[in-house]
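See below for the structure under consideration.
All of the numbers you see were taken from the coordinates with simple rules; none came from a lab. This one's a predicted model, so the numbers in the text were calculated from it and none came from an experiment. Ideal geometry is used to build each Cβ from the backbone, glycine not excepted, and the neighbour counts take in all protein chains shown.
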Amino acid sequence: MDKLPRYRTGLAAIDRQIADLVDALGPTANAELIFELIASSVRLARDNAGRGDLKIASAALKEMRYAFHVFEPYRSARKVAIFGSARTQREDPLYDQTRDFARRMSELDWMAITGAGPGIMEAGIEGAGPDQSFGVGIRLPFEAENTQFLADDPKLINFRFFFTRKLTFVKEADAFCLLPGGFGTMDEAFELLTLIQTGKSTSAPIVLLDVPHGHYWETWRDFVTDELEKQSYVGPDDLSLVRITDNCDEAVEEISHFYSNYHSQRFVGARLILRMERAPGDADLAALSKDFGDIIERGEIERIEATDQERRDDDHVGLDRIAFRFDRHHWARLRQMIDTLNA
């Protein structure tokens, strides 16, 4: 490395040794990031971090590395994360609903990611099939660790920490389906909504699925509306981030429609770029700029070619794209824009 990153250990001789080590690994497009990972370890040593802190940092990094490795061969496949109670019994209608949903998504060439435990998780893997499933488990003393459908499967990962496990769910999934559950399901639902509402996670469809005539998510929506929205703790558009349904067909359609034209998004500089199969024409583009002017900081929405940064990363350069200066306070409204692009 001829030029060292700005983030270093603070020890010139050690920095040079790290740079030589990175060079010895061979050519890589991300040499500066490898350098910074090693530099962070040295900084922990210089900070005299306690053994407990070091064990947390080491275990978390090892868990993330292994998860990245497991998912890497499947990057091109769309994946839906399925959340719900581990206590759901096989005779419960929720089990059948989950299995049917996962089967329908698998028929559309989607893969399923579940928590690799019993109940809703096992139903999801049964529906999608082991070849189309990932198990992202957590080691708990009071629940079965793994579902029988993923025994010895290389796509099974067992985590020590909830935070690394949830990071894997959110990072790897393109859509989310939540069935009724307990504290864990509520935690996953609200954290997922928080991440998308604040732009810490990319826009994605979220389906809250119940059995026909079930009222679990309807009661949840009443709480959000009566206790959160009326107190202005959430915005009037935030519930557009989710689709509540008791119909499996509607759940599948919600996810499929989200990607019927829209593909992905990325910030390049100050502009948000939305990639899609078909960019809108001039009249529709002008209508978008007018209808969603409240989320445009300045200027208008424009059709553009792939940027230099996207070409450098080979980041879906063949797709159409539009770009604008996005006001990052309005992620729910961005979801509404994506729905319009798909329409």
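Report the paramagnetic label zone for residue 284: residues of the range 214-258 whose backbone N is under 17 Å from a point 7 Å from Cα along the Cα-to-Cβ axis.
Label zone hits: 257-258.
With N denoting the number of residues in the chain, provide Rg(C-alpha) divided by 2.2 N^0.38 Å, to two decimal places.
Working: Rg = 22.2 Å, N = 343, 2.2 N^0.38 = 20.2 Å.
Output field value: 1.10.
Tell me, in nm to one decimal, what length is gained between residue 257 and residue 325 on full extension, where the rule is 0.36 nm per residue of separation less the Cα-Cα distance?
21.9 nm
Amide H to amide H under 5 Å from residue 178: which residues, 5+ apart in sequence or cross-chain, H placed 1.01 Å off N in plane?
Residues meeting the criterion, in which the H sits 1.01 Å from N, are 83, 207, 208, 209.
Going by C-beta contacts inside 10 Å, put 273, 38, 338, 82 in order with the fewest on the left.
Sorted ascending by nearby Cβ count, the order is 38, 338, 273, 82.
Find which of 173, 12, 270 sits farthest along the positive direction of the dipole of the chain, computed with +1 on the beta-carbon of Lys and Arg, -1 on that of Asp and Glu, about the Cα centre.
Highest projection toward the positive end goes to 12.
Return, for the Cα atoms of the range 2-131, the radius of gyration and Dmax in Å, separated by a comma.
21.8, 65
Cα centroid distance between the range 225-250 and the range 269-328, in Å?
Cα centres, the range 225-250 to the range 269-328: 27 Å.
Can you compute the equivalent ellipsoid semi-axes for the range 262-342, i.e. the square root of 5 times each eigenvalue of the Cα gyration tensor, sorted largest first and rounded to whole Å?
The equivalent ellipsoid of the range 262-342 has semi-axes of 19, 14, 11 Å.
When the chain is modelled as a GNM with alpha-carbon springs shorter than 10 Å, which of 253, 91, 107 fluctuates the most?
In this elastic network of the chain, the residue with the biggest mean-square fluctuation among 253, 91, 107 is 91.
Determine the gain in length on full extension of the stretch residue 160-residue 59; use 0.36 nm per residue of separation and subtract their C-alpha separation, reporting nm with one decimal.
Numbers: separation 101, 0.36 × 101 = 36.36 nm, distance 0.80 nm.
Gain on stretching residue 160 to residue 59: 35.6 nm.
Where does the chain land at 222 nm, in deg cm²/dmol rounded to the nearest 500, when only DSSP H runs of n ≥ 4 count, each adding -39500 (n - 2.57), divided by all residues? Before the final figure, lay out the partial values.
On the way: 12 runs with 146 residues, N = 343.
Calculated mean residue ellipticity at 222 nm is -13500 deg cm²/dmol.
Express in nm, to one decimal, how much length is gained between residue 21 and residue 89 on full extension, taking 0.36 nm for each residue of separation and deducting their alpha carbon distance.
That pair, residue 21 and residue 89, stretches by 19.2 nm at full extension.
Using only the Cα atoms of the range 48-189, what do you get for the radius of gyration and for Dmax, in Å?
Considering the range 48-189 through its Cα atoms, Rg and Dmax are 15.0, 54 Å.
Tabulate in residue order the Karplus-calculated ³J(HN,Hα) for the range 306-319, using 6.51 cos²θ - 1.76 cosθ + 1.60 with θ = phi - 60°, rounded to whole Hz; enter x for Gly and Pro.
Along the range 306-319, the couplings run 4, 6, 4, 4, 5, 5, 4, 8, 6, 9, 6, 5, x, 8 Hz.
Using label points projected 7 Å from each Cα along Cα→Cβ, tell me how many nm separate residue 187 and residue 34, to one decimal.
3.6
Show me, for the range 272-285, the HN-Hα J-couplings you get by feeding each phi into the Karplus relation (A = 6.51, B = -1.76, C = 1.60, θ = phi - 60°), rounded to Hz, glycine and proline as x.
After applying 6.51 cos²θ - 1.76 cosθ + 1.60, I find 8, 10, 10, 9, 7, 6, 9, 6, x, x, 4, 5, 5, 5 Hz.
With a point put 7 Å past each Cα toward its Cβ, work out how far residue 1 is from residue 247 in nm, to one decimal.
It works out to 5.5 nm between the two label points.
Report the charge-dipole magnitude of the chain in Debye, nearest 20, computed about the Cα centre from +1 at each Lys and Arg Cβ and -1 at each Asp and Glu Cβ.
Working: 42 positive and 58 negative charges, 309 e Å.
The calculated dipole for the chain is roughly 1480 debye.
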